[in-house]
Structure formats: structure tokens, C-alpha cells
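*Asks:* Quick one: the structure is below, and I'll ask about it shortly.
Every number here is computed from the coordinates shown, using simple stated rules; none is lab data. In this text the structure is predicted, and so the values were computed from the model without any measurement. Note: ideal-geometry Cβ built from the backbone for every residue, glycine included; neighbour counts use all protein chains shown.
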Amino acid sequence: MKFSCHVQTRISDYRIAKDLEDWGYDAVWFPDTQMMWSDCYATMALAAQATSKIHIGTGVAITGTRIAPTTAASISSINVLAPGRTFLGIGTGHTAMRVMGQDPMPVKEFREYLRVVRAMLKGHEVDYSYRDRTTAIKWQNHGGGFRNTFDEIPIYVAANGPLALRAAGAYGDGLVSIFNEQPEIMKANLELIRAGAEKVGRTVDDSFHTVSLCHAVVLRPGEKLTDERVVEVAGSWVVTALHFVYEIWRYTKDDNVIPPFMRNIWDQYLERVKHIPLPAEKAHQLLHEGHCSYYPAVERPLLTPEMIQGTCIVGGPAEVAEQIRAAGRAGLKEVSLLPPLVHLRDVAREFMKKVVPLL
């Protein structure tokens, strides 16, 4: 099992990558959410130069905000600074697009985007379509130091729905997804990934990487899920998961997508959404308020023990370790924590000190 952190992409705090490296983490992921945080590639460039061992990648790059050749150029530029330890996490933009009131990229377009990026990162010429015109594109050679496509850059596809999971199997070297730490979800996701791979003549073997974007709350002796420290450590991830499910529900109007642990607070959350203090056409500006950094004060009543238990890996160090072991038996290979901004370093240190030695 590997361990990493997704961090809030703040360019002034690029040295968080060095801290995580020193504490023993395998990787650091920098999200690409342009309306919230700094530019991920600028931040990764600084992080790459500040580190020597830790793997560095996008967590995740958004297809709707950059054309495929630009993404290939950006990540292969980082691979010059961190050769062999650069990876590309990539997704359709569930949050980055929603916060602009836009939809994520449709899966059919996403598959084509992945096809182009994958070919370019292998140094191949590839057909590329832009504004209804298709041409063959190929890197131009101006000498060394511009990009590195010789050291492999694995592509980890962000996917939760069936079509995106099949795309991960067709074009990805791995999967990053929420709730993968739950064994039954991990197993179901792998089945869809294998189906997607088989359809294009690929085989998913043990080299296929699986990552759970999640959060762990390590309880101290005597702590309860209602204790203030626990709520503060868990809060940002709990409401992020809630916002994620809401966006799916809003699109599908299918109550089956609401997990059992959310149902007790669901109506309360819908009331909260109804009273967002903006016109309906601007509600997207506040719907994901605090995303992965903090929780809005108005959503504090939603942070129930059931919500914390349902969205986080929770327990004493030994209990958290056993939950991770179970996820590993189901096929999970990396746990990637996303702690709240103000507690990131404390949570990351404590997890590495108390949980990882048990694994």
C-alpha cells in the first residue's frame, strides 16, 4: 500500500511537498481547480525543484479547461524537473466545471481526450480534432530540456460512473476515485475497468494502479465522533462528499444515489441549497463553498456522526489500519488523504506516525 496526500494547490505553500516527502509519503497530488486555488502546474514546478523522491502529479487535471496537447505539454514539462516521478491524474471536471455553472466533459469527448494525451506522452504522432478539423500532430524537436516523454508518465483517470470507469480501463494506467476504500465499491469499479480494457484489446493486470481519494480521522483515546476536534478534522471532507453526491442527484434525480448515511440530513441539505443567498443563475458560486479546504458554518449541523463514519476512514490507529488492509485485499493500492487546509500538516504527520507503521 502506498500513501499520499491531495493538497490544496497554494503556490505560496509549495514546500508542503517537501514536508510530505520528509514524513515518508509516496506522492503528493495538486488539484487543478482554477476558480478556487493556484495553477497546479506552476505549483508543481516549484514542488518538483524542492523535492527529490516524492512523486508529484495533478490531482486531477481538468479536461474542460485545457486542450489535450496543452495538458500533454504541461505534464511532460514537469517531468523534466521530476523525471520518472511525475504522474497525470485527469478527470472531466466534476467540481472545476460545476463551480463555473458548466457541466463536466461528456465521456465520449473524455475518451478522445485521453487517447490523444496518451499517444503524445508516448512520443507518438496522433490525429487530433479541434473545432471540427482533424489533423496529425507531432512534437517538434527544438533540442533537449523542453519536455520529457522518455521517463514514463502514468495516467490515473478520475472516474466514478460506469462510462468513465470503462474509459479508465481503455486508456488509463490507473484509477483515482472517491469511496474506493470501501471494498465492495473497489471490487465493482475494477469489474467495469476490466470490461473497458477488454473492449479495446487491453488487459488490466497487477500494474494497474488504484487510488482512493479519501480522508482518515484517527481517534485519540476516549474521543467520540461528536467531539469538536473530530468534527473539525473531518468537516471539509464530509461536506465535499455531500456536494459531490448532490451534483449527481441533481443531474439524475435518482434517490438511489444518496448513500444511507446521508438520508437523515438530505432534506435539511436541500433546504440549505434552496436558501443560498444568490440568484438561482449564480448559485454555483456558493454550492461548493469551502471545497476540500473548510466547511461553511451554515453546513455545520450536517456534520453528524453518521456522516463522518460514512465518508471517512474512522477509528483508533489499529482500526484505521485494518480498514485499509481490507481495502487492499479488495484491490486498493494507494490511500490519498485530503485533510482540511488548516489541519493538513497535523493530520498528515499523525497518520504517518500512528497508522502507517501498523501497515
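*Asks:* In units of 2.2 N^0.38 Å, what is the alpha-carbon radius of gyration of the stretch 298-359?
*Replies:* 1.23
*Asks:* What Kirkwood hydrodynamic radius do you get for the stretch 137-199 when you take the inverse of the mean 1/r over all pairs of distinct Cα atoms, in Å?
*Replies:* 13.3 Å
*Asks:* Mind listing the long-range amide H neighbours of residue 209? Cut-off is under 5 Å, sequence gap 5 or more, other chains count too, H placed in the peptide plane at 1.01 Å from N.
*Replies:* For residue 209, the qualifying residues are 174, 175.
*Asks:* Among 305-316, 289-300, 30-41, 88-99, how do they line up from the highest to the lowest mean number of other beta-carbon atoms within 10 Å?
*Replies:* With the highest mean Cβ count within 10 Å placed first, the list reads 88-99, 30-41, 305-316, 289-300.
*Asks:* Next question. Taking each pair of distinct Cα atoms in the stretch 196-347 once, what is the resulting Kirkwood hydrodynamic radius in Å?
*Replies:* Kirkwood hydrodynamic radius for the stretch 196-347: 17.2 Å.
*Asks:* Next question. Where in the stretch 179-234 are there trypsin sites (Lys or Arg not before Pro) that are in a DSSP coil and have at most 12 other Cβ atoms within 10 angstrom of their Cβ?
*Replies:* Of the trypsin sites (Lys or Arg not before Pro), the ones in loops of the stretch 179-234 whose Cβ has at most 12 other Cβ atoms within 10 Å are 224.
*Asks:* Ok, one more. Between Rg and the Kirkwood Rh of the stretch 153-235, both from Cα atoms, what is the Rg to Rh ratio?
*Replies:* Result: Rg/Rh = 1.17.
*Asks:* Give me D for the chain in µm² s⁻¹, whole number, from Stokes-Einstein with Rh from the Kirkwood sum over alpha-carbon pairs, 37 °C and 0.692 mPa s.
*Replies:* Result for D is 157 µm²/s.
*Asks:* Residue 108 versus residue 250, label points 7 Å from Cα toward the beta carbon: distance in nm?
*Replies:* Simple spin-label model gives 2.5 nm for this pair.
*Asks:* So for the chain, taking the charge dipole from beta-carbon charges (+1 Lys/Arg, -1 Asp/Glu), which of 291, 136, 101 sits furthest toward the positive end?
*Replies:* Positive-end residue among those listed: 136.
*Asks:* Enumerate the aspartates and glutamates that residue 199 could reach by cross-link, defined here as Cα to Cα under 14 Å, with residues fewer than 8 away along the same chain left out.
*Replies:* The reachable aspartates and glutamates, counting only those whose Cα sits under 14 Å from residue 199, are 191.
*Asks:* Okay, next question. Between residue 354 and residue 80, what's the calculated FRET efficiency when r is the beta-carbon distance and R0 is 35 Å? Round to 0.05.
*Replies:* The pair residue 354/residue 80 has a calculated efficiency of 0.40.
*Asks:* Based on DSSP, what percent of beta bridges with both residues in the chain are antiparallel, to the nearest 5?
*Replies:* Counting only bridges with both partners in the chain, antiparallel ones make up about 15 percent.
*Asks:* Can you report the principal axis dimensions of the stretch 1-74 using only the alpha carbons, biggest first, rounded to whole angstrom?
*Replies:* Between the extreme Cα coordinates on each principal axis of the stretch 1-74 lie 35, 27, 19 Å.
*Asks:* How large is the direction-averaged shadow of the alpha-carbon convex hull of the stretch 45-168, in nm²?
*Replies:* 8.4 nm²
*Asks:* Continuing with this model, one more query. Loop-only chymotrypsin sites (Phe, Trp or Tyr not before Pro) in the stretch 106-210, please: DSSP not H, G, I, E or B, and at most 12 other Cβ atoms within 10 Å.
*Replies:* 150
*Asks:* Taking the Cα centre of the chain as the origin, how large is its charge dipole in debye, to the nearest 20, when only Lys and Arg (+1) and Asp and Glu (-1) carry charge on their Cβ atoms?
*Replies:* Result for the chain is approximately 580 debye, rounded to the nearest 20.
*Asks:* Take the Cα radius of gyration of the stretch 249-336 and divide it by 2.2 N^0.38 Å, with N its residue count; two decimals is plenty.
*Replies:* For the stretch 249-336, the normalised Cα radius of gyration comes out at 1.35.
*Asks:* Distance between Cα centroids, the stretch 287-348 to the stretch 129-208: provide it in whole Å.
*Replies:* 26 Å
*Asks:* Two decimals, Cα atoms only, Kirkwood Rh: what is Rg/Rh over the stretch 102-220?
*Replies:* 1.05
*Asks:* I'm a student and want to see the number: the projected area of the Cα convex hull of the stretch 196-281, averaged over all directions, in nm².
*Replies:* Projected area, direction-averaged: 10.2 nm².
*Asks:* Sort 288, 55, 215 so the one with the fewest other Cβ atoms within 10 Å of its own Cβ comes first.
*Replies:* 55, 288, 215
*Asks:* Skipping prolines and chain starts, which residues have an amide H placed within reach, meaning under 5 Å, of the one on residue 32, given they are 5 or more residues away or on another chain?
*Replies:* 59, 60
*Asks:* Tell me, what is a quarter of the convex hull surface for the C-alpha atoms of the stretch 268-319, in nm² with one decimal?
*Replies:* If I average the Cα hull's projected area over directions, I get 4.5 nm².
*Asks:* Just want the ordering: 233, 116, 107, from fewest to most Cβ atoms lying within 10 Å of their own Cβ.
*Replies:* 107, 116, 233
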